[in-house]
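Engineer: The structure follows.
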Amino acid sequence: MKTLLTTFAFLIVISLNAQEFQGKAIYKTSRKSNFKIGGGKNSTMSEKQTKALEARLKKMNQKTFILKFDRVASTYKEDVKLKAPKPNVGGANVMVMSLGGSGSTDVYYKNIKEKRFVNQTEIMGKRFLVKDQLAPINWEMTTETKNIGKYTCYKATYSREVENTTISMVDGEAKEVKKTETIVTTAWYTPQVPISNGPKNYQGLPGLILEINDGKNTIVCTEIVLNPSDTIMIDEPTKGKVVTQEKYEKISEEKSREMMEKFKSRRGVDLGNGVNIKIGG
């Protein structure tokens with residue numbers, strides 16, 4: 001009887017420790033952009049103006065996100081402080097086309113134990129609640145290591161094929177090209193933070209993922225706070241039209257094409273040669 005009580009007490013302690021383990025990780029993200037401006041025969045922008053605008057567009061692709069987590073669940077959300085100013089060149093505002101997704105109001109919730117996610121996001125101002133199962137990631141783990149801050153990290157990779165549609169506007173002419181690409185994603189995770197989680201939809205490794213690179217997007221952890229004095233609230237988002245991931249992708253593709261049709265029908269919006277707007281991937 002005494003042994004049974006001791007075992008029961010031990011299990012309670014383990015359970016409480018699991019519930020109490022929580023923290024937050026700060027991530028900096030950046031995206032390699034194919035947005036090139038100037039060089040067309042009808043372009044009126046100087047080289048200096050072109051470089052200034054491209055630099056501002058690059059800065060717009062650099063954001064900060066916060067992952068709040070415990071052993072079971074997490075939320076991933078952009079840390080928004082001040083709204084970035086719209087880029088302009090020579091006093092003229094430049095229209096930046098955006099469908100939505102990964103916006104300042106987006107919340108990506110994961111429940112690792114139940115293997116599901118809820119993504120609260122928007123498309124052109126309409127809010128959706130994408131609910132589905134977490135897709136398994138076939139990580140290839142290696143023994144290669146590197147340090148990120150004070151944490152020892154191990155390398156893991158996985159490959160997937162995606163079909164991208166690239167629409168190029170060259171001197172007002174639209175050209176659409178479909179291409180299948182193999183995307184290799186590299187992750188660096190640390191067993192020193194023993195949760196199978198990471199930024200955005202990444203998970204499934206024996207430790208917190210501190211860095212992700214898929215060739216175009218880079219996500220790097222800059223700070224980790226474990227078991228802070230203030231309790232971290234991890235709330236599942238509830239606002240928006242409920243759809244599956246497959247349905248959301250179809251809606252997103254339809255809206256992408258609608259936007260491109262509107263863009264092609266406009267006159268007087270010519271940013272010059274090499275303006276690339278990418279859909280999919």
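The values are calculated or read from the model by the stated rules, or taken from the named source; none is laboratory data. All figures in this text were calculated on a predicted structure; none of them were measured in a lab. A quick note on method: Cβ atoms are made from the backbone with ideal geometry, for glycine too, and the neighbour counts reach across all protein chains shown. The protein model used for the area step is the full one, side chains on, heavy atoms only, and it has no ligands, DNA or RNA in it. Shrake-Rupley method; radii C 1.70, N 1.55, O 1.52, S 1.80 Å.
Engineer: Which order do the peptides 229-235, 251-257, 136-142, 210-216 take when ranked by the mean count of other beta-carbon atoms within 10 Å per residue, highest first? Write out the running numbers ahead of the final one.
Structural biologist: Values: 229-235: 10.0, 251-257: 15.9, 136-142: 12.1, 210-216: 18.1.
For the peptides 229-235, 251-257, 136-142, 210-216, the packing ranking is 210-216, 251-257, 136-142, 229-235.
Engineer: Over the range 145-254, with the other protein chains present, what is the accessible area per residue in square angstrom, probe 1.4 angstrom? Walk me through the numbers on the way to the answer.
Structural biologist: Details: 6070 Å² over 110 residues.
Value for the range 145-254: 55 Å² per residue.
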